[in-house]
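One structure is given here, and the rest of the page talks about it.
The values are calculated or read from the model by the stated rules, or taken from the named source; none is laboratory data. Everything numeric in this text was worked out from a predicted model, so none of it was measured. Note that each Cβ is placed from the backbone with ideal geometry, even for glycine, and that neighbours are counted across all protein chains shown. Side chains included, ligands, DNA and RNA excluded: accessible areas come from the protein's heavy atoms. Shrake-Rupley method; radii C 1.70, N 1.55, O 1.52, S 1.80 Å.
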Amino acid sequence: MATAQERFLSDEIVDEIKSYIPRYPSLQAVTLPALHIVNRHLRYVPMQAVIEIAEILELAPAQVQDTLTFYGFFKQDKPHGQVRAWVCRSMSCAIRGGEAVLDHMCHQAGIHPGETTADGKLTVEYAECLGACDFAPCMLAGDDLHKNLDKNKADIFLDDLGIKAKKS
Amino acid sequence: MAEFEPVLLANINRPNSFTRKEYEATGGYQSWKKVLSMDRNDVIDIVKSSNLRGRGGAGFPTGLKWTFLPKDHPGPIYFCLNADESEPGTFNNRILMEQDPHQVLEGLMISSYATRTSTAYIYLRYEYPGCNKRLQDAIDECYAAGYLGDNIQGSGYSLNIYIHQGAAAYICGEETGLIESIEGKRAWPRIKPPFPAIEGVFRKPTVVNNVETVACVKHILDRGADWFKSMGVPADPNNPRDAGSYGPKLYCLSGHVEKPGCYEAPLGLTARQLIEDFGGGCWKGRSVKAVIPGGISMGLLGPDELDCPLDFAGPGKYGCLGLGTAAAVVIDDQTSIVDFLHNSARFFAHESCGQCTPCREGTSWALKMLNRIKAGRGRLKDLDLLAEIGDTIGIIPGTTICGLSDGAAWPIKNAIKKFRGEFEHYIKRTNPDGYMVTDPVPVFETTAH
């Protein structure tokens, strides 16, 4: 095990990962919780983190990487924005204007889905069904569900983040 | 039929409905205390005799599933609660877990006791942070009250419940994909047999049940199997394979209706009753063009098929795949069926896990063809090609491991069969010079997300 000075993951993160070990009969089962913990702290899971997770869980880094890449959820090249907003584009939201809201938000923020604004404040993602079809169209930003979205509400959301909406 | 009183949703509008105090004030955890002194086989017998069928989509009899566990297994046996609700249109589990998490937990505890489980994992999808918090708080309250942990209430029975968070993948709702995901691997569904009851998570016997299913278990133990069987649609006596559709069901209603929401009713409600009596009818005074009966995997009901009963056998009689999650999505007469099918194909192309070639390639081909049709370069021949994809992917034609691609195939098959005229008209209108071409055409690449 590398010493604390050499390690990329902080003691706090490592301890949190280790606290999940008693929950499962196998170390590999902690992979997904570990990826979530790292992602929550760092907003991405770089390769060095994968290597250190593998070390804690006594796996090959490839095993952790294999799981990570299966879920499109984890970013590896650079952190996502301070707020990650998932705009639903599945059926119930799409037929009530969800795709128009997604396009509008991306246009106003000057990014494509999956990208982060230059100031690092916001990442906009498309989501496949957020399970809030009774409030369609909807968006999950951080832990907050934004219900019955329209372009106006999207503009207010961007304003609150300090992202200047373009005049269209 | 007597006036129906909601059971599963009875408490969701009470203030602080998510706290143990409020839950116990309405009789919560009485069954849990009672069950701890009962014989396990008696609990299973009650659930079996209620004819409860799984609420997650497949409708497999729950009691029967439990009896597949090996007798006298030294253990451990695991319980996985499937809370990876990702079928588009479905949100009933979210409401249960967010507004009444103790109801779900009590059902899970009773089910775990009956199946001799010592550890239960709640596989919760990432998109439900609100449920995560409420469930974790509820679990903590149960440990504090001595309802969970070692030697519960002096019965000698020990149970631990953990939440395992998913990471935004639809395939994790498939029971063996879910098991692989808990094990920390990519969520590739397993070839069955062996079924999870014999060899599931960590190679031990495992039960996988849906959130609404275990909530029903709680009420069956509260009120008895006869109460449960007093509601719903009896089995068809001429069909020995029909197990009947009993009990209350949470219907999700969304799309183009005045009042989208989650409504509880006995199984057997028709699509028309759901839309008109509960949903306030199609929005903006428009008329219904199509209804998805139970999440988009199940296909489509046309405007003349709204009297289809939404029970386990009903939608199948109208060419749909089944009841699914009983999540109806209403589509009004101003929505293009081409857009509907494009959205559905894009979803399945995105969510195919990539393990079986027919699904991985078939869903992508369907999406590419629909992209081309939407770009005004469609051909009439494409409809036959789409139908061919629909007929050849899935476990029903026998080409894939899991049912994801049956879900991808059914919207294609239903849309083209029931709305072929609209597709043909669309293609002729948008591609007047090329709609009759039958030679291979170059792949149409789109930059759209």
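With a cut-off of at least 1 residues that are aromatic (Phe, Trp, Tyr) and under 27 Å from B:GLU180 (Cα atoms), name the helices (runs of 4 or more DSSP H) lying wholly within segment B:293-378. Quick ask: steps written out before the conclusion?
On the way: elements: B:314-317, B:337-351, B:357-372.
Once the helices (runs of 4 or more DSSP H) in segment B:293-378 are filtered for at least 1 residues that are aromatic (Phe, Trp, Tyr) and under 27 Å from B:GLU180 (Cα atoms), what remains is B:337-351.
Within segment B:115-141, the set of residues being open to solvent by less than 10 Å² (accessible area, probe 1.4 Å), more than 19 Å from A:VAL30 (Cβ to Cβ) and more than 8 Å from every other protein chain (Cβ to nearest Cβ) comprises B:THR115, B:THR117, B:CYS131, B:LEU135, B:ALA138. The criterion of being under 19 Å from the mean Cα position of the chain (by Cα), at negative phi, open to solvent by less than 30 Å² (accessible area, probe 1.4 Å) and of a type in the set (A, V, I, L, M, F, W, C) does not hold for B:VAL201. Scanning segment B:210-234 for residues that are surrounded by fewer than 19 Cβ atoms within 10 Å (Cβ to Cβ), closer than 19 Å to B:TRP66 by Cβ and either in the same structural domain as B:PRO266 (by TED's automatic domain parsing) or within 22 Å of the chain's Cα centre (by Cα) (or both) turns up just one, B:LYS229. Restricting attention to segment B:405-449, the residues that are open to solvent by 30 Å² or more (accessible area, probe 1.4 Å), in contact (Cβ under 8 Å) with a residue 60 or more places away in the chain and of a type in the set (A, V, I, L, M) total 3.
Any chance segment A:72-79 includes a residue that's assigned to a helix (DSSP H, G or I), out of contact with any helix residue (DSSP H, G or I) (no Cβ under 7 Å at 6 or more places or on another chain) and open to solvent by 20 Å² or more (accessible area, probe 1.4 Å)? Outline the logic, then answer.
Of the residues in segment A:72-79, the ones assigned to a helix (DSSP H, G or I) are none.
The answer is no, given that none of the residues of segment A:72-79 is assigned to a helix (DSSP H, G or I), out of contact with any helix residue (DSSP H, G or I) (no Cβ under 7 Å at 6 or more places or on another chain) and open to solvent by 20 Å² or more (accessible area, probe 1.4 Å).
For segment A:117-148, a tally of residues being within 14 Å of chain B (Cβ to nearest Cβ), over 24 Å from B:PHE348 (Cα atoms) and touching a helix residue (DSSP H, G or I) at 6+ places or on another chain (Cβ under 6 Å) returns 3.
Per-residue answers, yes or no, for (1) of a type in the set (Gly, Ala, Ser); (2) modelled with pLDDT of 95 or more:
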| site | (1), (2) |
| --- | --- |
| B:PRO234 | no, no |
| B:ALA243 | yes, no |
| B:CYS252 | no, yes |
| B:ILE292 | no, yes |
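In summary, helices (runs of 4 or more DSSP H) completely within segment B:1-98 and bearing 3 or more residues that are surrounded by fewer than 20 Cβ atoms within 10 Å (Cβ to Cβ) occur at B:20-25, B:30-35, B:40-49.
Restricted to segment B:347-369, and to residues there that are over 19 Å from B:LYS185 (Cα atoms) and hydroxyl-bearing (Ser, Thr, Tyr), the residue that is most open to solvent (accessible area, probe 1.4 Å) is B:THR357. All of (1) surrounded by fewer than 20 Cβ atoms within 10 Å (Cβ to Cβ); (2) in contact (Cβ under 8 Å) with a residue 12 or more places away in the chain; (3) under 24 Å from the mean Cα position of the chain (by Cα) hold for B:PRO397 with one exception: (2).
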